[in-house]
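The values are calculated or read from the model by the stated rules, or taken from the named source; none is laboratory data. This is a predicted model, so every value here is computed, not measured. Cβ sites come from the backbone with ideal geometry, for glycine too, and all protein chains shown count toward neighbours. We work out accessible area using only protein heavy atoms, side chains counted, and drop any ligands, DNA or RNA first. Shrake-Rupley method; radii C 1.70, N 1.55, O 1.52, S 1.80 Å.
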Amino acid sequence: MNFHAVEISFPLAYQAPLWRRQPANFVAHFVGHEGPGSLYSYLKQKGWATALTCGPQALARGFAMFRVTVQLTKEGFGEVY
């Protein structure tokens, strides 16, 4: 099965000390939202995306990343490249 995806990762402050407020999860909630006016809604309406996932990822003690992955249609892949 072939599929195309774009993955963007950003360095992020270590999240363990921030466990009470969870700021990265707060951002992930808004970036990953699928309702009207959202990034995913826009990409889906254009026919460019089939899925969008995002969230923080702890890689090692003291280091984390915020990852956004968009699964693209063939048309969407053509727009990216």
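Hey, could you check region 4-44 for residues that are assigned to a loop (DSSP other than H, G, I, E, B) and among the hydroxyl-bearing types (Ser, Thr, Tyr) and say which is farthest from the chain's Cα centre (by Cα)? That would be 14. The requirement of being open to solvent by 100 Å² or more (accessible area, probe 1.4 Å), in contact (Cβ under 8 Å) with a residue 60 or more places away in the chain, charged (D, E, K, R) and not in a loop (DSSP other than H, G, I, E, B) is not satisfied by residue 75. Consider region 17-67 and keep the residues that are of a type in the set (S, T, N, Q) and within 30 Å of residue 2 (Cβ to Cβ). The one that is least open to solvent (accessible area, probe 1.4 Å) is 38.
Within region 7-34, residues that are under 14 Å from residue 59 (Cα atoms) reach no partner that is of a type in the set (Asp, Glu) and assigned to a strand (DSSP E or B) with beta carbons closer than 6 Å at six or more positions or on different chains.
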